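Coordinate-derived values only; no laboratory data. Given the structure is predicted, the values throughout are model-derived calculations rather than measurements. Every residue, glycine among them, receives a Cβ derived from its backbone with ideal geometry; neighbour counts consider all protein chains shown.
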Amino acid sequence: MTIDMNRVVVDEIFQDFVITVNLDHDLDRVIKDVYTLKHDYPSQAVSNIGGWQSPVFGPQCPIEILNQLPKSLSNIQRDTWELCNSITVGKFKKSLQKKHTGWWVNINEKHCYNSIHHHARADLIAVAFIKTPPNSGKLIIARNDGATYSQLYDDFQYQVPSEAGKLYVMPGHVWHYVEESYSDEDRISIAFNFYIDPKHYGDRVSMDYHFGTGV
């Protein structure tokens, strides 16, 4: 049978995405405030293997905690939410819920990394890279659908450039991890979770997440 390739239609289906945006913030100020936060809070143990991970902060935290957060970090959270909400409204015609958000800070020292994970029921996630010395590890997104059992594709991982001063936005369901750092300097990032309608996920999701027991 002869096929006229000019009449063949190919539909790319079930696509994910990574959106990259420049951070318009004073990173030196942010770095100083990150270390102040590290002094004030013990490390959490979630996806981080070594290093330091802050508690999860968000609107449901006690007001006295929110009032003490460095302004530079609150400003990044505010700007990231506004950007991500514009993405969900523009791309999916759905709005994020401002009162259901969470963000936290990661500091990876030498030989520290983040194990593979996803962000549970979060609809959209973002990571702001504040400091990324050479050889401090890249953010890797791993494909985990049925294509991984097929011989059609050769590459099941996507390396995010992980550049300081950049914000990367992606769906919350994608599996990802951070490579081990071989740098003598700290690698610093801020991660965010956003929800379209948290009621869909059960009554306890937001409370569990905001107080550090969620993924």
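Assorted remarks:
- Helix 27-40 vs. the chain, principal-axis angle (Cα, 0 to 90°, nearest 10): 60
- Across LYS98/LYS131; LYS38/LYS110; LYS71/LYS166, pairs whose alpha-carbon gap is larger than 23 Å: LYS98/LYS131
- Remark: region 17-210 carries a charge dipole of roughly 580 debye about the Cα centre, counting +1 on each Lys and Arg Cβ and -1 on each Asp and Glu Cβ.
- Those aspartates and glutamates that a straight Cα-Cα span of less than 15 Å connects to LYS32, excepting residues fewer than 8 apart in one chain: ASP40, GLU185, ASP186
- Modelled this way, with points 7 Å down the Cα-to-C-beta line, the labels at PHE17 and ALA45 are 3.9 nm from one another.
- Answer label for log10 I(q)/I(0) by the Debye sum over Cα atoms at q = 0.08, 0.18 Å⁻¹ (calculated), chosen among (i) -0.27, -1.37; (ii) -0.27, -1.59; (iii) -0.30, -1.42: (iii)
- Sequence-separation-based contact order of the chain, relative, with Cα cut under 8 Å and 6+ spacing, percent: 29
- Förster-model FRET efficiency, 41 Å R0, ARG7 and LYS91, C-beta, rounded to 0.05: 0.85
- Set of lysines near LYS93 by C-alpha distance (under 20 Å), chain-local residues within fewer than 8 positions excluded: LYS199
- Selection among GLY172, GLN159, TYR182 by position relative to the dipole of region 142-189 gives GLY172 as farthest towards the positive end (Cβ unit charges, Cα centre).
- Angle between the chain longest axis and helix 71-92 axis [Cα atoms, degrees, rounded to 10]: 20
- A helix-only calculation puts the chain at -7000 deg cm²/dmol for mean residue ellipticity at 222 nm, using -39500 (n - 2.57) for each DSSP H run of at least four residues, averaged over all residues.
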